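All remarks here apply to the structure that follows.
The values are calculated or read from the model by the stated rules, or taken from the named source; none is laboratory data. Only a predicted model underlies this, so the values are computations on that prediction, with no experimental measurement involved. FYI the Cβ positions are ideal-geometry reconstructions off the backbone, even for glycines, and counts take in every protein chain you see.
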Amino acid sequence: MASRRQSSLRSIATRTGDDGTSSLLFGQRVPKDHPQIEAVGALDEFNAMLGLARATCRKTSRRRTLERIQHDLVALMGEAACAEADAKRYARKKFARLTAADLESVDAAITAIEAQRRLPGDWATPGANLHAAALDLARTSARRAERRLVALAKHGRLLRPLLLQYINRVSDLLWLMARAAES
């Protein structure tokens, strides 16, 4: 039997994090509780919550919107995972990046839902059904990720304003989707 090192398959268990550190994009090692690792982790959790919301959704157009947001989050995570010292290097690479068009797409989805329904006049109580609850979980996860992204500025990582606008707007969209899913 071939040893793990001889195997042609790469293992997810690199063991590089066994010392309590993790890598930012381009390899800089930082503690696992570093603000950027916290932010990327919160975005990863948000992406998983979106997956749950998508898996519980019967409406094709909503599933497509949720999947598009998941793809957008990959671009957002990449930018958030880059050290400030490597921001220019990141910008020169051909990585996917969020654009104004991505934000406009979220705004258009918000406008479409608001045009179709009256907004609740009071606090919403999540849990009317599984899909609405999954959307509310994704929304609260988005808000946590947003807080982690905002906190990066205090630690010297300045993100493009578009990234914060996007995550803020997506959480608004998820709130609207959850209310629509309740009916």
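Applying the set (1) touching a residue at least 40 places away in the same chain (Cβ under 8 Å); (2) part of a loop (DSSP other than H, G, I, E, B) to ARG118 leaves exactly one unmet item: (1). Considering only residues in segment 150-167 that are surrounded by 16 or more Cβ atoms within 10 Å (Cβ to Cβ) and in contact with an Asp or Glu (Cβ under 6 Å, 6 or more places away or on another chain), the one that is modelled with the lowest pLDDT turns out to be ARG157. Of the residues making up segment 71-97, those that are free of Cβ contacts under 8 Å to residues at least 40 places away in the same chain and surrounded by 18 or more Cβ atoms within 10 Å (Cβ to Cβ) are LEU73, MET77. Each residue in segment 14-57 was checked for being out of contact with any strand residue (DSSP E or B) (no Cβ under 9 Å at 6 or more places or on another chain), within 22 Å of ALA142 (Cα to Cα) and of a type in the set (Lys, Arg), and 1 pass. Among the residues here, SER7 qualifies as part of a loop (DSSP other than H, G, I, E, B), on the phi < 0 side of the Ramachandran plot and either at pLDDT below 90 or aliphatic (A, V, I, L, M) (or both). Can you tell me which residues in segment 10-56 are at pLDDT 80 or above and among the β-branched types (Val, Ile, Thr)? Matches in segment 10-56: ILE37, VAL40, THR56. Against the test of being farther than 30 Å from SER22 by Cα and small (Gly, Ala, Ser), the options ALA178, ALA145 yield a single qualifying residue, ALA178.
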